[in-house]
Each structure stands twice: as C-alpha cells, then as structure tokens.
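First the structure, in the form of structure tokens, and then the observations on it.
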Amino acid sequence: MSEIPKLSVVIPTYKRPDSAQRLLASLAKQTLPFGQFEVIVVDDGSSYDLAVLTDVDYPFSFTCLRQENAGATVARNFGSDHARGELLVFIDDDVKISPEALAAVAETFASEKQALVMGTLVSRGVDEKRPFTAQAVAAANAHYVQANPDQNREVHFTLCNTQLLAVRRDDFYALGKLQAPRGGWPNWDDVDFGYRAHLAGYRLIQCGQAVGEHWDYSLNDMTAANKRWQRACKSAVRLFETH
C-alpha cells in the first residue's frame, strides 16, 4: 500500500446528522487501510450539537469543522483547504459507500494521470432497509458493457457528480476548485467543474467498483421530487448562461 496515495474524504453536511453518521459508519468498514485516508466533515451551519459526530471512536483520522451557512460548494472547498491527502474524495452526506469504494478509487488513479474519478451510484429511498448486496452492485453496473460489469469506463463531462467524486488535490486547485455558477440550488458545481476539467484535457472515469447508495430523500415523496427537479431545471439555465 506504500504506492497508494493518501486520500482525504471531504463530506459537506447540513441538518442531517443521521445521514452523516450512516456515511461515517460505511467509511469505518473500508478495505483500504485506515492509515491511508482521513475524513473531514464540514457542517454548513447546522444548529445541532456536533458531539453526535465527534464523540465517536473512529478507526481513521477524523476532523469535524463548522462554517456559517454558505452552501455545499463552499463547504467542499473549505474542507479541501484542510486536507492533507494527495487525493480528494468528495462524498455527499446522503451517500453510503461500499467497503471497496475507496480502495477502488485509489487504484484507479494509479493508472490515470489526468483524470477525475467518479463512483457508481445506486438510487434508493430512505425508507428502504437493506445492506449492500450483489444485486445492488449489479443494478448500479447495469449500463456497463455486460462482459465487464465491474470495469471502469470514460464518461461524458456532463455526468460529473460530486456525490462521489475524486480528484488529485493539486489538480483541484489548478482547475480553480469548485465554483457555483451564478448561485441557485442545485447549483451544478459538479458539471461546471467537469466541464472546466474537460477543457483542460482531463478525462472523467466512472469506477465500476466504487459503488455508493444514494439515500435520496425526495424519492419518498412525489411532490418533493418534482419540486427538486423544478429547481434543478431553473438553476441549470444559470449554468448555460455561465458557459
């Protein structure tokens, strides 16, 4: 593992301590040695006592920061400023990752010199109570080449997604970090970042073995889902205006 670069996992969170705890629990089950990564949680101005996250004996190096409410983009950048790893791995607080995820991401960078590495997400509602299964992983990889369901593949920059996204720390700063195109929510900072990386010659690699379950709260309520996509469509206009 001496050739594997150290990782800094950056988690923005806001008013969802239960979700953050679920993600942290999955990080405690990683096959990557715990000395190879650190975890940085950035709370975006919630009011709950951070002791629910900090008063835990994690097997990895753990830092918990709190900023004034400024949004996930600022939180991710703030966390990266405190990172010590060569690779930054951004994971949203409503994602739970498979045990092999961080190791798979690190190994992918060993063969990719100018790239962003993105995980493979399985969407689910938060009322479902099931562990990772072979069926879940197969569902996440259903759109892959069937002969090689666990292999990596290059994807279009428009699919760039900070729910589970990794980048070399030096590249992250060279590309100008994350930027929110003219505000709004969702703010499309991930697609914006993917586009800027694309213009600079970077490839976007989707890692078939870095699987994450997205515990999507809006999937439990049709009204909430419709409102979210309405907001997403309106803020997408700002992305096009920017570029």
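The values are calculated or read from the model by the stated rules, or taken from the named source; none is laboratory data. Owing to the predicted nature of the structure, the values given are computational and were not obtained by experimental measurement. Positions of Cβ are backbone-derived with ideal geometry, glycine not excepted, and every protein chain shown enters the neighbour counts. Remember, those area values only see protein heavy atoms, side chains included, never the ligands or the DNA or RNA. Shrake-Rupley method; radii C 1.70, N 1.55, O 1.52, S 1.80 Å.
Any chance you could check the Cα centroid distance between segment 178-216 and segment 219-233 for me, in angstrom? Segment 178-216 and segment 219-233 have Cα centres spaced 20 Å from each other. At a Cα cut-off below 21 Å, give the lysines reachable from residue 113, other chains included and same-chain residues fewer than 8 away excluded. In chain and number order, the partners are 6, 177.
Relative to one another, the C-alpha centroids of segment 101-115 and segment 1-65 are positioned 20 Å apart.
Around the Cα centre of the chain, unit charges on the Cβ atoms of Lys, Arg, Asp and Glu (plus for the first two, minus for the last two) sum to a dipole of about 520 debye.
For segment 46-118, a crude dipole built from +1 on the beta carbon of Lys and Arg and -1 on the beta carbon of Asp and Glu, taken about the Cα centre, is about 200 debye to the nearest 20. These residues, 68, 100, go from largest to smallest accessible area, 1.4 Å probe, as 68, 100. Each peptide in 195-201, 117-123 receives the mean, over its residues, of other Cβ atoms within 10 Å, and ordering these scores from highest gives 117-123, 195-201. Sketch the reach of a paramagnetic label on residue 84 as a point 7 Å from Cα along Cα-to-Cβ, and name the residues of segment 39-61 whose backbone nitrogen lies under 16 Å away. Answer for segment 39-61: 39-41, 58-61.
Nearest 0.05, what FRET efficiency do residue 65 and residue 151 give at R0 = 45 Å with Cβ-Cβ as r?
That pair, residue 65 with residue 151, gives E of 0.80.
Over the chain, with every protein chain in place, what whole percent of the accessible area is carbon and sulfur at 1.4 Å, could you tell me? Using a 1.4 Å probe with all protein chains present, the chain comes out at 52 percent carbon and sulfur.
Multiplying the sequence separation of residue 110 and residue 170 by 0.36 nm and subtracting their Cα-Cα distance, what value in nm do you get?
On the way: separation 60, 0.36 × 60 = 21.60 nm, distance 1.54 nm.
Taking 0.36 nm per residue and subtracting the Cα distance, the gain is 20.1 nm.
Volume per residue of the convex hull around the Cα atoms, evaluated for the chain, comes out as 128 Å³. The relative contact order of segment 183-243, computed from alpha carbon pairs under 8 Å that lie at least 6 residues apart in sequence, is 60 percent.
Summary of packing: across the peptides 53-65, 3-15, the per-residue average of other C-beta atoms within 10 Å ranks them, highest first, as 3-15, 53-65.
Taking every alpha-carbon pair under 8 Å whose residues sit at least 6 apart, the chain reaches a relative contact order of 24 percent.
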